[in-house]
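Note sheet for the following structure.
Each reported figure results from applying straightforward, stated rules to the coordinates on display, with no laboratory input. Every value quoted in this text rests on a predicted model; they were computed, and no experiment measured them. For neighbour counting, all protein chains shown are included, and Cβ atoms are generated from backbone atoms with ideal geometry for every residue, glycine included.
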Amino acid sequence: MTENPKDNSGLDLAARIDALSPRRLSYLTGGFILVLAVLLVFEINDKAASRRVETELRLEQAASDSAAAMNIAIMTGAPARGVLTGMWPGGYSALYHLSPAGDVLTTSGRTDIVQIPAAALRTLELSARGKGVLDLAGGKIAAVWRPLDNGEILLAAAPARDIYDRSQIWIVYVVVLIALSVVIISLMAAFIRQSRAAANAAFALTTLTDFQAAMAGGRCAPWFYKKSDRMIAFSRAFLEPLGLGARDRSFTLREISAIVHPGDLRTAIAVLCGEPSGVNEGLVRFRDPGGRWLKTYLRTAVDATRFERAGVAFDLSGAKAISPGAAIAETRLRDAIEAIPEAFVLWDANGRLAIWNKRFASTFRLPAKVLKPGFTVDEVSTCATVGGDILNQHFGPLDSEEPEAVEVALPGERWAHVSRRRTAEGGWVCVASNVTDLKRRASAQKKKERELQQTVEDLEASRRDLSETMLKYQYEKYRAEDANRSKSEFLANMSHELRTPLNAINGFSEVMQSELYGPLGDAKYKEYIGDILASGKHLLELIDDILDMSKIEAGRLKLEPRKVELEKLLKEATRHVAPRASHAGVTLTSSVGHAPPVWADARAVKQVTLNLLSNALKFTPQGGEVTLTAEADLDGVTIIIADSGAGIERTRLKKLGAPFELAESHFSKSNTGSGLGLALSKSLMKMQGGILAIASQPGKGTVACATFPRRKDASVRLPQFIRKEAHVLTGEAAAPSFKVKVTQAAE
């Protein structure tokens with residue numbers, strides 16, 4: 001049978017279409033657009049350069065003409081501004097008439113756009129003809145200058161890019177490039193769609209040709225039945241070997257009954273026409289023109305209807321040794337093996353390749369055209385593109401009789417569970433299941449376990465370090481507390497040793513100041529004695545505050561809360577500080593006649609009042625005023641001490657109440673004091689269950705409030721007028737609500 005040249009037309013068409021594949025067309029289109037873009041870039045650069053050259057030439061012409069006109073104007077006395085206006089070259093340029101020092105004398109043109117600072121002008125070499133480009137904040141400016149006859153300079157300037165400031169050149173070319181690209185891409189897309197359609201048609205034609213050739217080579221052909229005309233169509237590939245024609249042909253049922261063996265007629269009608277139904281395959285003998293009966297096998301789909309039926313006819317006249325059932329069974333076996341998701345390979349009893357599936361071939365990239373039945377395992381591993389050693393070691397026949405199941409690393413970072421077993425005929429069957437995901441999950445699980453173990457170890461180490469740190473902290477805290485107790489106990493024990501000498505100094509100073517045993521003599525001695533007495537009293541007060549603070553810290557200061565007359569204590573405190581206020585020139589006003597009794601320690605109340613009054617007098621300048629008032633409610637009584645001093649800043653107000661903390665810095669303070677007064681008052685108020693608060697504004701003065709409970713176990717609060725502005729010193733717990741529960745420190 002000779003080959004028909006027309007049968008290759010589909011292949012030639014497919015080859016020509018493949019030569020212009022969409023990928024190649026895309027590359028060509030992209031290359032064309034890229035070349036076009038490069039050409040446009042060169043054109044843009046040329047245009048931009050032309051505009052810069054044009055700008056430079058126009059500026060040089062304008063500078064030369066303007067300089068000549070200005071020289072004439074200088075000789076004739078004509079106004080320079082008029083000359084510059086007449087010689088302005090137009091566009092976005094500007095003309096500058098400069099002094100020899102570079103100062104601007106006259107301008108003309110678009111100086112609002114071309115603005116050249118005087119500092120930039122002084123950097124130019126203006127003594128001779130020249131030109132240059134200034135890189136200013138508003139952009140690059142091209143400048144050309146010419147010296148005049150009188151030593152002055154004429155300078156012409158414009159944007160270096162374009163004197164007329166025309167639109168950017170690249171915008172037009174980019175629009176052109178985009179338009180051309182859209183048109184070219186659209187044409188290429190249409191051509192690609194046509195190419196794909198032609199390729200599909202060529203592929204269909206090639207497939208049909210191959211299908212017909214395969215059917216003819218296998219001596220089988222399709223058949224079709226239509227109930228509308230009760231005709232059965234057979235193809236040439238089936239009829240020609242039987243001698244029933246050299247072309248496609250349709251038969252009536254009468255013609256079919258004439259060429260089919262009478263014993264097989266019922267089977268043929270059942271398969272071809274569906275009458276009776278339920279039969280879809282069978283062996284049928286056809287008669288050739290010579291009178292011989294040739295075996296054929298007819299088959300159709302199980303669900304074929306009686307109206308539209310189609311199937312396949314097999315010519316068995318040349319394969320008498322193979323039964324149709326065996327052929328069908330072999331086909332079914334191959335389909336089943338291909339459907340297996342694992343790689344499958346079967347070796348016969350001689351160790352030769354018998355059957356394999358596509359997954360096995362794809363695992364080792366075995367070419368389908370090279371791999372054939374009968375190969376040994378060495379030959380198969382030689383054909384493998386990757387993993388030939390793995391195939392030879394784990395996928396071939398075994399020397400032992402025992403089955404084997406192992407996990408094998410496959411090419412491409414994959415893992416498989418390979419199982420090899422003996423077959424009944426003595427061969428070997430090998431099945432490889434993909435366990436890559438299981439291995440990855442197991443590896444990830446091990447990694448997480450290692451990370452978790454490391455985290456646990458880190459936590460254990462951190463816990464040990466934290467325990468050691470806590471032990472060190474407890475030890476250091478104990479040492480600090482012990483040292484603090486020792487300090488406080490030492491100061492408390494030094495009370496007698498410190499007070500006794502000071503009392504003697506102060507006593508003898510008072511005797512000498514009163515001149516009990518006669519006059520001192522010079523008046524300076526009396527002044528010195530007064531200074532000694534004042535310093536001694538101040539030092540005694542300071543030592544008393546320190547000792548009281550030490551007693552509080554050491555827990556030795558005992559208060560005796562009881563019902564005390566607050567009015568009496570406040571008046572005594574006022575009388576005590578009155579001489580100091582008079583000496584400082586400060587007006588002291590007291591209005592406490594209505595103050596009710598409170599539940600507190602009398603000495604502590606008096607000491608808190610004296611400390612607050614002393615602070616107010618210290619920071620109130622001469623001519624100022626300090627007032628003492630009291631405000632009562634159902635639960636407590638608040639002592640209010642207000643002054644008209646300099647006040648305290650908010651940032652320093654929050655630091656008050658700590659021992660030795662001053663309202664002024666050490667280098668700027670203008671008043672004496674150790675900073676213990678407020679700290680001592682704060683501690684005393686805490687011990688009595690009261691509230692100590694301060695409100696102040698720089699330049700306006702300070703208000704200090706001390707609130708005492710009126711009875712045992714009473715809750716106290718600050719007055720309403722000072723709650724928002726006050727800074728509470730007696731603890732954070734009392735700050736939000738301004739309430740403190742009274743506790744009896746000692747009875």
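In terms of the Cα gyration tensor, with a ≥ b ≥ c the square roots of its eigenvalues, is the range 43-176 rounded because a/c is under 1.5, prolate because a/b exceeds b/c, or oblate? Before the final figure, lay out the partial values.
Numbers: a/c = 2.34, a/b = 1.92, b/c = 1.22.
Cα axes put the range 43-176 in the prolate bin.
Rounded, prolate or oblate: which fits the range 340-434 when a ≥ b ≥ c are the square roots of the eigenvalues of the alpha-carbon gyration tensor, with rounded for a/c under 1.5 and prolate only if a/b beats b/c? The partial results should precede the final answer.
Details: a/c = 1.61, a/b = 1.13, b/c = 1.42.
The shape class here is oblate.
What aspartates and glutamates could a cross-link reach from Lys358, if we take a straight Cα to Cα line under 16 Å and drop same-chain neighbours fewer than 8 places away?
Within the straight-line limit of under 16 Å, Lys358 reaches these aspartates and glutamates: Asp335, Glu338, Glu342.
Between Lys571 and Lys712, what length comes free when the chain is fully extended (0.36 nm per residue of separation minus the Cα-Cα distance, one decimal in nm)? Display every interim value, and only then the final one.
Numbers: separation 141, 0.36 × 141 = 50.76 nm, distance 2.39 nm.
Full extension of this stretch gives 48.4 nm more.
Please work out the Cα center distance from the range 452-481 to the range 227-276, rounded to the nearest Å.
97 Å
What's the extension gain from Thr500 to Val370 if we count 0.36 nm per residue and subtract their Cα-Cα distance?
Values: separation 130, 0.36 × 130 = 46.80 nm, distance 12.00 nm.
Gain on stretching Thr500 to Val370: 34.8 nm.
May I ask for the net charge around Ala343, where only other residues with Cβ less than 10 Å from the Cβ of Ala343 are counted and Lys, Arg are +1 while Asp, Glu are -1? Working shown, then result.
Numbers: positive: Lys358, Arg359; negative: Glu342.
Result for the neighbourhood of Ala343: +1.
Order the peptides 259-269, 56-66 from the highest to the lowest mean number of other Cβ atoms within 10 Å of their residues. If you can, show how the numbers build up before the last one.
On the way: 259-269: 16.5, 56-66: 19.1.
Result, highest mean Cβ count within 10 Å first: 56-66, 259-269.
Taking 0.36 nm per residue of separation and subtracting the Cα-Cα distance, what length does fully extending Glu510 through Ser50 add? Show your work: numbers first, answer last.
Values: separation 460, 0.36 × 460 = 165.60 nm, distance 10.58 nm.
So the chain would gain 155.0 nm between Glu510 and Ser50.
Please tell me which of these pairs span more than 19 angstrom C-alpha to C-alpha: Lys568/Lys682; Lys477/Lys682; Lys571/Lys654; Lys563/Lys606; Lys47/Lys131?
On the way: Lys568/Lys682 22 Å; Lys477/Lys682 24 Å; Lys571/Lys654 30 Å; Lys563/Lys606 14 Å; Lys47/Lys131 22 Å.
With Cα atoms farther than 19 Å apart: Lys568/Lys682; Lys477/Lys682; Lys571/Lys654; Lys47/Lys131.
Using a Förster distance of 25 Å, how high is the FRET efficiency between Val41 and Arg166, based on the Cβ-Cβ distance and rounded to 0.05?
Numbers: r = 19 Å, r/R0 = 0.75.
Calculated value: 0.85.
For the pairs Lys558/Lys618; Lys618/Lys686; Lys686/Lys712, note any where the Cα-Cα span goes beyond 21 Å. Please report the intermediate quantities before stating the final value.
Numbers: Lys558/Lys618 29 Å; Lys618/Lys686 25 Å; Lys686/Lys712 14 Å.
Check vs 21 Å cut-off fails for Lys558/Lys618; Lys618/Lys686.
Take Ala336 and Asp303, extend 7 Å from each Cα along the Cα→Cβ direction, and tell me the distance between the two endpoints in nm.
2.2 nm
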